[in-house]
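Peer 1: Please read through the structure below; I'll follow up with questions.
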Amino acid sequence: MSLASLLLSFTLAAMPVVGNGDALPAQVAETLQARLQAGGSTAKVAVGALQVQPLPAGAVSAEVGEVAGRWPRARATVPVRLRVDGRLVRTLSMPVTASDVRTVQVFAADYAARTALGDVRLQAAQVDMVCCAGAILQQHPGDDYRLRTDVRAGMPLTEGSVEARPAVQGMQSVQLLVQRGSIRLSADAVALQDGRLGERIPVRPSYAQEAIVAVVTAPGKVQVHE
């Protein structure tokens, strides 16, 4: 059991949970809030009201379980186990909500994956960040990045939505250098997939119909050793 859950058990042990259980949601919310804060989250938690049937006489304690799936998110449930004198008498599924409204950078329009960030327009907007996973980027990371996936207008700029641009991008025109001994020839070619420095990728030379494998040596440049 986590420290926060243990503290909750001690708190409720001196407070019988009877009738409509008005005190229980607040204590569950306090525990979940403490867990989020310990993890560095700024989300705010709320727990819905719940009717709790009268419990047997005795010392009542509660154990707050873990929220299943991605958390925080807009709506979820959390299991709460009620014990009387240490004996489990009831397990509840309590509805919980979370919100984390912040001013962040969002995409001003729809953009396709692989679009260079230099061609992407951003704007500031208030977004409830429990909608999305991934660390927030508060500023444009630079033109050496591109979109990792398709994005929609209004989506926040996160680390997961961008990636560093490779030295060569698929379907990009590149300069192909062919070296045989002391002879060096160059030709235009088309890269057939992304490639980072030092990687081997297939390219199609302008003088041939078949692809060959070349090593990425610089942005927009590949080389074959024969």
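Peer 1: Could you tell me what fraction of 2.2 N^0.38 Å the Cα radius of gyration of the range 173-225 comes to, as a two-decimal ratio?
Peer 2: Against the compact-globule rule of thumb, the ratio is 1.00.
Peer 1: Could you please rank 140, 225, placing first whichever residue has the fewest other Cβ atoms within 10 Å of its Cβ?
Peer 2: The order, fewest Cβ neighbours first, is 225, 140.
Peer 1: Could you give me D for the chain, from Stokes-Einstein at 10 °C and 1.306 mPa s, where the hydrodynamic radius is the Kirkwood radius over C-alpha pairs? Units µm² s⁻¹, please.
Peer 2: Approximately 72 µm²/s, per Stokes-Einstein.
Peer 1: Given the Cα-Cα distance of residue 59 and residue 184 and 0.36 nm per residue of separation, how much length would full extension add, in nm?
Peer 2: Roughly 36.4 nm would be gained on extension.
Peer 1: Moving on. Mind checking which of 72, 166, 156 has the largest fluctuation in a GNM of the chain, springs on alpha carbons under 10 Å?
Peer 2: Of 72, 166, 156, the Gaussian network model singles out 166 as fluctuating most.
Peer 1: Under 8 Å for C-alpha pairs, at least 6 residues apart: give me the relative contact order for the chain, rounded to a whole percent.
Peer 2: 12 percent.
Peer 1: Using Cβ contacts closer than 10 Å as the measure, can you line up 111, 145 from fewest to most?
Peer 2: Ordered by Cβ neighbours within 10 Å, fewest first: 145, 111.
Peer 1: Based on Cβ point charges of +1 for Lys and Arg and -1 for Asp and Glu, what charge dipole magnitude is obtained for the chain about its Cα centre, in debye rounded to the nearest 20?
Peer 2: 200
Peer 1: Would you tally the net charge around residue 222, using a Cβ to Cβ cut-off of less than 10 Å, leaving residue 222 out, and scoring K and R as +1, D and E as -1?
Peer 2: Summing Lys/Arg as +1 and Asp/Glu as -1 gives +1.
Peer 1: Put +1 on the Cβ of every Lys and Arg and -1 on every Asp and Glu Cβ in the range 68-220; which of 137, 203, 220 then has its Cα farthest towards the positive end of the dipole?
Peer 2: Positive-most Cα among the choices belongs to 137.
Peer 1: Using only the alpha-carbon atoms, how far is helix 23-38 inclined from the longest principal axis of the chain? Give it as 0 to 90 degrees, nearest 10.
Peer 2: Helix 23-38 sits roughly 30 degrees off the main axis of the chain.
Peer 1: For a footprinting-style exposure proxy, rank 171, 155, 94 by other Cβ within 10 Å, fewest first.
Peer 2: The most exposed by this proxy come first: 171, 155, 94.
Peer 1: What translational diffusion coefficient, in µm²/s and rounded to a whole number, does the Stokes-Einstein relation yield for the range 97-171 at 10 °C and a viscosity of 1.306 mPa s, taking the hydrodynamic radius as the Kirkwood radius over Cα pairs?
Peer 2: Answer from the Stokes-Einstein relation: 125 µm²/s.
Peer 1: Name the most mobile residue of 139, 172, 33, meaning the one with the largest mean-square fluctuation, in a Gaussian network model of the chain with Cα contacts below 10 Å.
Peer 2: The residue with the greatest mean-square fluctuation here is 172.
Peer 1: Rounded to the nearest 0.05, what FRET efficiency do residue 173 and residue 103 have when you use their Cβ-Cβ distance and R0 = 45 Å?
Peer 2: E between residue 173 and residue 103, to the nearest 0.05, is 0.65.
Every read-out reported here was derived from the displayed coordinates using simple, explicitly stated rules and does not represent laboratory data. Just so it is clear, the model here is predicted, and its values are computed rather than measured. All Cβ positions, glycine included, derive from the backbone under ideal geometry; neighbour counts span all protein chains shown.
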